[in-house]
1. Name the residues in the range 165-182 that are within 19 Å of ARG117 (Cβ to Cβ) and open to solvent by 10 Å² or more (accessible area, probe 1.4 Å), would you?
2. Of the conditions (1) in a loop (DSSP other than H, G, I, E, B); (2) open to solvent by 10 Å² or more (accessible area, probe 1.4 Å); (3) not aliphatic (A, V, I, L, M), ASN197 fails just one. Which one is it?
3. What number of residues in the range 178-237 are among the aliphatic types (A, V, I, L, M) and within 18 Å of ALA126 (Cα to Cα)?
4. Read through the list (1) open to solvent by 40 Å² or more (accessible area, probe 1.4 Å); (2) farther than 18 Å from GLY226 by Cβ; (3) modelled with pLDDT of 95 or more; (4) in a helix (DSSP H, G or I), then give the number of the only condition that VAL162 fails.
5. Within the range 149-158, take every residue that is over 13 Å from ASN249 (Cα atoms) and hydrophobic (A, V, I, L, M, F, W, C) and give me the one that is surrounded by the fewest Cβ atoms within 10 Å (Cβ to Cβ).
6. Restricting the search to the range 71-93, which residues are exposed (fewer than 13 other Cβ atoms within 10 Å of the Cβ) and of a type in the set (Gly, Ala, Ser)?
Amino acid sequence: MPALPWPYLALLSIGYVSALAYGQLAWTAGISVALLLFAGYAVRQEQTLVGRFLGHILFLVMALALALHWMPGFFNGRAIPAQRLTADAVRFAMYLNQDKPLIGFWLLLACPWIVGRRSLRLSIYATALGLAFSTVLALGGAMLLGMIHWAPKWPDHAWLWVLNNLLLVTLVEEALFRGYIQGGLSRRFKHLTHGDNLALLLASLLFGLVHIGAGWQWVLLSGLAGVGYGLAYRFGGLGAAITTHFGLNLLHFALFTYPMLA
């Protein structure tokens, strides 16, 4: 059984405590915790294939419900009020979500294999590769589509955005899409000649599709960025994928129109 990834759990705990400082929980939030505990118990039963399968299904249903803020008991405080970060941008607001981090906690506790540990040197190379790929295709594509342009800035609340994006957004999303989905598919497809490539592309496609509410442009750009994150994960592990994803988000936030032109 893989060792628990304590550094990632510590980071996520810091982010979760930070979110709690800006909001509050109702007792009904315990419903989500109880269901996730049950799912975690089920997937750790090595001898019961059906139980493990049902545990994973329950987790996926819960992950969707938590990501869409459907579960009761969570009051996600607004940390940054709606405003334009540049004069020509759409209005942006930020919430410190207390429900979404539970997805990351479950993954790191129930499926510690998602970390995919690599050497530090290989992780650095993988991060550089993934960031270069996603920056050129995703940010370059956004500029070609007329969605963003060069707009350097560092607003007063930037550090709050940094903490939220790293701990409550990027870490959770990469644990789910790269660690759990891409990593899990790679394990399932290991008998195929190009199983790792297929897993990477399917995870990137799913990552793009979850942005469909923002329009086809964001589906395309997110999918392309997901390929960069997937390359980082494949060769450098979860830490490289998180660093790549956060690096791209930070470049977008600090140097270009955020989130997009009005």
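The values are calculated or read from the model by the stated rules, or taken from the named source; none is laboratory data. Note that the structure is predicted; figures quoted are calculated from it, not measured. Because the Cβ atoms are built from the backbone with ideal geometry, glycine has one as well, and the counts that use them run over all protein chains shown. Surface areas here come from the heavy atoms of the whole protein model, side chains and all, with no ligands, DNA or RNA. Shrake-Rupley method; radii C 1.70, N 1.55, O 1.52, S 1.80 Å.
1. LEU176, PHE177, TYR180, ILE181
2. Of everything listed in (1) in a loop (DSSP other than H, G, I, E, B); (2) open to solvent by 10 Å² or more (accessible area, probe 1.4 Å); (3) not aliphatic (A, V, I, L, M), ASN197 misses just condition (1).
3. First pass over the range 178-237, keeping only residues among the aliphatic types (A, V, I, L, M): 181, 185, 192, 198-203, 205-206, 209-210, 212, 214, 219-221, 224-225, 227, 231-232.
Subset that is within 18 Å of ALA126 (Cα to Cα): 199-201, 203, 224-225, 227, 231-232.
Matching residues across the range 178-237 total 9.
4. Status for VAL162: all satisfied but (1).
5. So in the range 149-158, the residues over 13 Å from ASN249 (Cα atoms) come out as 149-157.
Filter once more, so that each one left must be hydrophobic (A, V, I, L, M, F, W, C): 150-151, 154.
On the way: TRP150: 8, ALA151: 16, TRP154: 10.
By that ranking, first place goes to TRP150.
6. ALA82, ALA87, ALA93
Yes or no, residue by residue, for (1) open to solvent by less than 10 Å² (accessible area, probe 1.4 Å); (2) at pLDDT 95 or above; (3) closer than 12 Å to GLU173 by Cβ; (4) outside any loop (DSSP other than H, G, I, E, B):
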| position | (1), (2), (3), (4) |
| --- | --- |
| GLY208 | yes, yes, no, yes |
| GLN217 | no, yes, no, yes |
| LEU220 | no, yes, no, yes |
| GLY228 | yes, yes, no, yes |
| ALA232 | yes, yes, no, yes |
| LEU238 | yes, yes, yes, yes |
| ILE242 | no, yes, yes, yes |
| ASN249 | no, yes, yes, yes |
| PHE253 | yes, yes, no, yes |
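Yes/no matrix, rows are residues, columns are (1) at pLDDT 90 or above; (2) of a type in the set (Asp, Glu); (3) on the phi < 0 side of the Ramachandran plot:
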position	(1), (2), (3)
TYR22	no, no, yes
ALA29	no, no, yes
PHE38	yes, no, yes
PHE53	yes, no, yes
ALA63	yes, no, yes
HIS69	yes, no, no
ASP88	yes, yes, yes
MET94	yes, no, yes
GLY104	yes, no, yes
